[in-house]
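The values are calculated or read from the model by the stated rules, or taken from the named source; none is laboratory data. In this text the structure is predicted, and so the values were computed from the model without any measurement. Positions of Cβ are backbone-derived with ideal geometry, glycine not excepted, and every protein chain shown enters the neighbour counts.
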Amino acid sequence: MARLTRSFFARPTLAVAQALLGQRLVRILNGQRLAGVITETEAYIGEEDLACHARAGRTARNAVMYGPPGHAYVYFTYGMHWMLNAVTEREGFPAAVLIRALVPTEGLDVMRRRRHLDRILTDGPAKLTRVLGIEGTFNGGDLCARGVDLFIESAQADSRLPIVAAPRVGLGSTPEPWLSKAWNFKLPDSGKQ
DNA sequence: AGCACGATGCTCT
DNA sequence: GAGCATCGTGCTT
């Protein structure tokens, strides 16, 4: 099926975060397709959103979020974890959708080999980047260009999937109202693998 | 099933 | 120097 185009990402972030549910994240690793259906996303929207990395304005780290939509914002956190986001909205407005979970569909054997343990593979934002081999070199990469090894395919034409909205995860001491904004989106019953 | 904690290093104050 | 969009282990209900 066709890849998501730039216009898909050049929309309000909350719409993109929900529309990404059910679509297929694809990583070409050593010539092989590794893929999974996106089952959980989270929106981070602008400098006003005090949970967003752009809350203190543009920096070297968050610069990609200010760039054109449809690019990957990949950052390092907790000393060991990479996080994958898709940049949204218009160029100049910093916003992105964090990909928090997948249900793996292609390349499961390779994914298992990439983990120490033969367990749950992609039910967390750092687990899925680890399994798919996504790290800092992907930051700023275009998810919509030809020939790239990380992109998203349209796998869900119908947007009538049931979606559960909840507060975002792991925000710590982020002040209200941002702490309680229900900007985490999930397909129900996809949590267990 | 749920909580506490340590790992580990980058970013910004 | 503090905090972090996390994870796995180990211990308690």
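For segment A:19-26, does any single residue satisfy the condition of being in a helix (DSSP H, G or I) and at pLDDT 95 or above?
Going through segment A:19-26, the residues in a helix (DSSP H, G or I) turn out to be A:19.
From what's left, at pLDDT 95 or above: A:19.
For segment A:19-26, residues in a helix (DSSP H, G or I) and at pLDDT 95 or above: present.
Results for (1) outside any strand (DSSP E or B); (2) in contact with a Cys (Cβ under 8 Å, 6 or more places away or on another chain); (3) surrounded by fewer than 16 Cβ atoms within 10 Å (Cβ to Cβ), shown as yes or no for each residue.
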{"residue": "A:P68", "(1), (2), (3)": "yes, no, no"}
{"residue": "A:Y73", "(1), (2), (3)": "no, no, no"}
{"residue": "A:W82", "(1), (2), (3)": "no, no, no"}
{"residue": "A:N85", "(1), (2), (3)": "no, no, no"}
{"residue": "A:R90", "(1), (2), (3)": "yes, no, yes"}
{"residue": "A:V97", "(1), (2), (3)": "no, no, no"}
{"residue": "A:L102", "(1), (2), (3)": "no, no, no"}
{"residue": "A:V110", "(1), (2), (3)": "yes, no, no"}
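Considering only residues that are within 23 Å of A:T105 (Cα to Cα) and charged (D, E, K, R), which ones fall in segment A:1-23?
Answer for segment A:1-23, where residues must be within 23 Å of A:T105 (Cα to Cα) and charged (D, E, K, R): just A:R3.
Going by the structure shown, is A:G57 within 16 Å of DNA strand B (Cβ to nearest atom) and either buried (at least 21 other Cβ atoms within 10 Å of the Cβ) or not aliphatic (A, V, I, L, M) (or both)?
yes
For segment A:123-143, name all the residues that are under 17 Å from A:A86 (Cβ atoms) and in contact with a Leu (Cβ under 7 Å, 6 or more places away or on another chain).
Across segment A:123-143, the qualifying residues are A:P125, A:L128, A:T129, A:L132, A:I134, A:F138, A:G141, A:L143.
Taking segment A:37-54 as the search range and keeping residues that are buried (at least 22 other Cβ atoms within 10 Å of the Cβ) and within 12 Å of the chain's Cα centre (by Cα), which one is nearest to A:G170 (Cα to Cα)?
Filtering segment A:37-54 for residues that are buried (at least 22 other Cβ atoms within 10 Å of the Cβ) and within 12 Å of the chain's Cα centre (by Cα), the one nearest to A:G170 (Cα to Cα) comes out as A:E42.
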